[in-house]
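Heads up: the structure comes next, in structure tokens.
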Number of protein chains: 2
Amino acid sequence: MMFSKACEYGIRAAVYVTLQSLEERRVSFNEIAKEIDSPIAFTAKILQQLTRNNIIHSVKGPTGGFEIEREDMDMVKLSMIVKAIDGDKIYTGCGLGLKECNAQKPCPLHDKFLDIRTDLRNMLESTSLFELATGLEVGLTYLKR
Amino acid sequence: MMFSKACEYGIRAAVYVTLQSLEERRVSFNEIAKEIDSPIAFTAKILQQLTRNNIIHSVKGPTGGFEIEREDMDMVKLSMIVKAIDGDKIYTGCGLGLKECNAQKPCPLHDKFLDIRTDLRNMLESTSLFELATGLEVGLTYLKR
DNA sequence: ATAATATAGGATATAATTGTCTTTTATTTG
DNA sequence: CAAATAAAAGACAATTATATCCTATATTAT
């Protein structure tokens, strides 16, 4: 409703990779898709995007798979994943779809949207993969169903 | 980015109808589409939905068109338009696309999303068509471009 | 009543998103 | 080096959202 399906899968996949990397495990896209309950081939495409954007790391061949460095778990924020997959229209776009909508020439909802979007932006820019993975690790949150 | 295109057009159309009803003018969907810069036939469909949901009122035949009663301008909130067109997934759906995501079995983003969505909901439920139309009337806001 | 006008409705077209399938490329292990 | 494994890449298919077109229906004014 806010993110595309691709972006939803991308976030869930990245969080799962983070969770497993905490245990030093590389994971295949087959495993990822199974564990986050997403379509395999489609998820593979999204993982490619995340890899190209240096959000996660991929290794080919046997013993290969996806992983993320310990320091990147803190560095990578949700905003980076959203930007890589959905672009930045979530920040810049007008809530009512006007091509140019700004303080000089605002749509009727401009100011009210600005507040909400600023909150959303702050949330996305301050939430790291590590933070999300730790909630999962202790069984407080879930990635499927 | 948050609403469907149909919903964006729907809100803009409803605000324009409100603006014109303040001057006792009924407006055709041709005029509406022109003034909010939207595709005519598609906009007509959306106006049908708004009419069926008793958000605006339509009159057939010559001198006909769309209008909204003075009291409805205050009564109708944005939330009603959004619900009529996009349903309530904006309130109930999980930010990461999980089928069931709630306090008992939350996704990793559940709590953070809840805050933002509550703000969005409050905004939509408290903003009336009248409020939006008056901003337009005095030239502070715009419905196209 | 008839002609004109405006919304309502149905069928269809186009575009974007989501999803699948097959082949290729890189890497590791025996 | 050969075989096996796993991601990368490209072509294709299905679904949903967006948009158009044509006809029907209701209403008004002459």
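The values are calculated or read from the model by the stated rules, or taken from the named source; none is laboratory data. Just so we're clear, the structure is a prediction, and the values are computed from it rather than from any experiment. With ideal geometry, Cβ positions are generated from the backbone for all residues, glycine too; neighbour counts draw on all protein chains shown. Side chains are part of the model used for accessible areas, which takes the heavy atoms of the whole protein and leaves out ligands, DNA and RNA. Shrake-Rupley method; radii C 1.70, N 1.55, O 1.52, S 1.80 Å.
List of remarks:
- In the stretch B:39-51, the residues that are within 14 Å of chain A (Cβ to nearest Cβ) and within 20 Å of B:Val76 (Cβ to Cβ) reach residues that are among the aromatic types (Phe, Trp, Tyr) and more than 6 Å from DNA strand C (Cβ to nearest atom) with C-beta atoms within less than 7 angstrom, at least six apart or across chains, in these pairs: B:Thr43/B:Tyr9; B:Ile46/B:Tyr9.
- Subset of the stretch A:128-141 (residues that are assigned to a loop (DSSP other than H, G, I, E, B) and open to solvent by 30 Å² or more (accessible area, probe 1.4 Å)): A:Val138, A:Gly139, A:Leu140
- Selection within the stretch B:115-127 - at the interface with chain A (Cβ under 9 Å from one of its Cβ atoms) and open to solvent by 30 Å² or more (accessible area, probe 1.4 Å): B:Asp115, B:Asp119
- Considering the conditions (1) surrounded by fewer than 15 Cβ atoms within 10 Å (Cβ to Cβ); (2) of a type outside the set (D, E, K, R); (3) within 13 Å of another protein chain (Cβ to nearest Cβ), B:Met75 is excluded by exactly one of them, (3).
- Whichever residue in the stretch A:96-114 is more than 9 Å from chain B (Cβ to nearest Cβ) and part of a loop (DSSP other than H, G, I, E, B) and, among such residues, is most open to solvent (accessible area, probe 1.4 Å): A:Gln104
- Matching residues, the stretch A:4-46, being within 8 Å of DNA strand C (Cβ to nearest atom), closer than 29 Å to B:Lys83 by Cβ and not in a helix (DSSP H, G or I): A:Ser4, A:Ser38
- Residue match in the stretch A:54-61 (condition: open to solvent by 20 Å² or more (accessible area, probe 1.4 Å), over 30 Å from B:Leu136 (Cβ atoms), within 12 Å of DNA strand D (Cβ to nearest atom) and aliphatic (A, V, I, L, M)): yes
Residues checked against (1) within 26 Å of A:Asn122 (Cα to Cα); (2) in contact with a helix residue (DSSP H, G or I) (Cβ under 7 Å, 6 or more places away or on another chain); (3) at pLDDT below 95:
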{"residue": "B:Cys94", "(1), (2), (3)": "yes, no, no"}
{"residue": "B:Asp119", "(1), (2), (3)": "yes, yes, no"}
{"residue": "B:Leu124", "(1), (2), (3)": "yes, yes, no"}
{"residue": "B:Thr127", "(1), (2), (3)": "yes, yes, no"}
{"residue": "B:Tyr142", "(1), (2), (3)": "no, no, no"}
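- Among the residues making up the stretch B:12-58, those that are among the hydroxyl-bearing types (Ser, Thr, Tyr) and in contact with an Asp or Glu (Cβ under 7 Å, 6 or more places away or on another chain) are B:Tyr16, B:Ser21.
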